[in-house]
Amino acid sequence: MLVTLLELFFSTLVVALSVWWWTDWPQAAAAASLVALAYAVRLIWKTTRIERWLSQPDLHTPLPWSGVWSEIAHRIQRLLRQREKQAEAAEQRLQYFLQAIQASPNGVTLLDAQGRIEWCNATACNHLGLDANRDLMQHIVHLVRDPVFAKYFAMAEHEAEVVMDGRASSAAQSLKLSVQLHAYGEGQQLLLSRDITSVTLADAMRRDFVANVSHEIRTPLTVLSGFVETLQAIPLDTNEQQRYLHLMAVQADRMQSLVADLLTLSQLEGSLPPGLYEKVNLPDLMRHVAADAAALSSVLSGSDGDERQPVHALVFGPAPPWALLGVRSELLSAMSNLVSNAVRYTPAGGQIRVAWSRTPDGATFSVTDTGPGIAAEHLPRLSERFYRVDRSRSRETGGTGLGLAIAKHVVQRHGGELRIQSQVGKGSTFQLTFPASRIEALTA
Ligand code: ADP
């Protein structure tokens, strides 16, 4: 600017002096005024152009001006370009930040000081039933209408989280959310939501499990201690003593089976899936299962000693010359559980068929009985721990309520599944399927 003023001053002076040299003062003054006017017009014209450019500056094409104005415009252009880059970088960082929050498995909702939604991620939309576009600047309490949440939102402090039903909750499927408000900025709040359905479910299952185990153990314990008291209090003859001791042994066996099954389950849950290196001899396994089934069936006859005979028709199909790749004790336990269930639940005189068959994608072990069958509504829950259709029959025959849970666990660990078909009054078929990768031909 100083340069321009000096330029204007000296040009005017030179023109005025030259005119004065050749003519006179008035002409010199007129000439100087003309020069100053010309300068002023040029100045206004350039300023107007720059002003126009500044209102919508083009930061990337070179400027057409020269001299001091060009220098000023170039500096402005450079500064604006720097600003533009900074703004782009800030925008990019914001986008990364938002993408990171979008990827969060937790719901994140930003609320302004009035409790209106400023932004929310997709998880929050799912949890709370929000629409990220439509519901912007809507008050959160108008959209999340759960009374638990409304009460929580109205509280002055939000130090603890609160549990409420998720938006997708229904009678068939309950979705539990844990939500908490965190204050930030100038009165804004961060609403975090977490899906705790599986945690709540696991918690309920753990409680049920402990209650079931306690109940299962308490029953035989109560019976046992009752017998002990009787033996202590009443003088009994030898025969009666023997009868009581036998009944006590039955209860002790029951507790032992329960503890053994619980240990098996916990081992199954706590160990890695079986590898493919152990080859279990299938004919050998089937002989073992068949002997156990015959023994159990004869015990159920109720007769004593040498008179014991199986009370069922036990039909074992030919054992294929295969090796099963897996853990012998687990496989034996799964197969035995299915066969012993068939024996225990099928009335005397019934038939039990046990067979292996090859399928396109592996092999299947089937146990079919002519027992009472199971109503369809029980089938989906049958392999739950301690689930029983016929409680008294299960207990009478020494059932723990864990047999099918163990069988299902074992077969799943071996890459297969437990299938159940049953019809009330006709009988049941329980199957264990194994993938082809677990079957090999036996080598001598
Ligand atoms: P349990 O020790 O009571 O037999 P399981 O887990 O082995 O426990 O079986 C669960 C329930 O399924 C049993 O209590 C019984 O009601 C039913 N069940 C199992 N196998 C049969 C079967 N072959 N026939 C009829 N009911 C069966």
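So that you can scan it fast, the table gives a plain yes or no per residue for (1) closer than 16 Å to A334 by Cβ; (2) among the hydrophobic types (A, V, I, L, M, F, W, C); (3) buried (at least 17 other Cβ atoms within 10 Å of the Cβ):
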{"residue": "Q256", "(1), (2), (3)": "no, no, no"}
{"residue": "D261", "(1), (2), (3)": "yes, no, yes"}
{"residue": "P273", "(1), (2), (3)": "yes, no, no"}
{"residue": "P283", "(1), (2), (3)": "no, no, no"}
{"residue": "S297", "(1), (2), (3)": "no, no, yes"}
{"residue": "L300", "(1), (2), (3)": "no, yes, yes"}
Return the only residue of T238, T197, T219 being under 24 Å from the mean Cα position of the chain (by Cα) and of a type outside the set (D, E, K, R).
T197
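Yes/no matrix, rows are residues, columns are (1) modelled with pLDDT under 95; (2) at negative phi; (3) of a type in the set (D, E, K, R):
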residue: S257; (1), (2), (3): yes, yes, no
residue: A260; (1), (2), (3): yes, yes, no
residue: E269; (1), (2), (3): yes, yes, yes
residue: S301; (1), (2), (3): yes, yes, no
residue: E307; (1), (2), (3): yes, yes, yes
residue: M335; (1), (2), (3): no, yes, no
Please work out which residue is nearest to L6 (Cα to Cα), limiting yourself to segment 36-65 and to residues that are free of Cβ contacts under 8 Å to residues at least 12 places away in the same chain and open to solvent by less than 80 Å² (accessible area, probe 1.4 Å).
A40
Residue list for segment 210-227, restricted to those being open to solvent by 60 Å² or more (accessible area, probe 1.4 Å) and in contact (Cβ under 8 Å) with a residue 12 or more places away in the chain:
L221
Where the second residue is of a type in the set (K, R) and more than 6 Å from the ligand (Cβ to nearest atom) and the first is part of a helix (DSSP H, G or I) and lies in segment 333-345, which pairs have Cβ atoms under 8 Å and are six or more apart or on separate chains?
R344/R393; Y345/R393
Which of the following residues is under 24 Å from S214 (Cβ atoms) and either open to solvent by 20 Å² or more (accessible area, probe 1.4 Å) or near the ligand (Cβ under 9 Å from one of its atoms) (or both): S428, S394, S357, S340?
S394
Working only within segment 360-391, note down all residues that are among the aromatic types (F, W, Y) and either exposed (fewer than 15 other Cβ atoms within 10 Å of the Cβ) or within 13 Å of the ligand (Cβ to nearest atom) (or both).
F386, Y387
Among (1) polar (S, T, N, Q); (2) free of Cβ contacts under 8 Å to residues at least 40 places away in the same chain; (3) under 21 Å from M164 (Cα atoms), Q95 falls short only on (3)
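The values are calculated or read from the model by the stated rules, or taken from the named source; none is laboratory data. These figures come from a predicted structure and were not determined experimentally. Here Cβ is always computed from backbone atoms with ideal geometry, including for glycine, and neighbour counts include all displayed protein chains. For accessibility, only protein heavy atoms count, side chains too; no ligands or nucleic acids. Shrake-Rupley method; radii C 1.70, N 1.55, O 1.52, S 1.80 Å.
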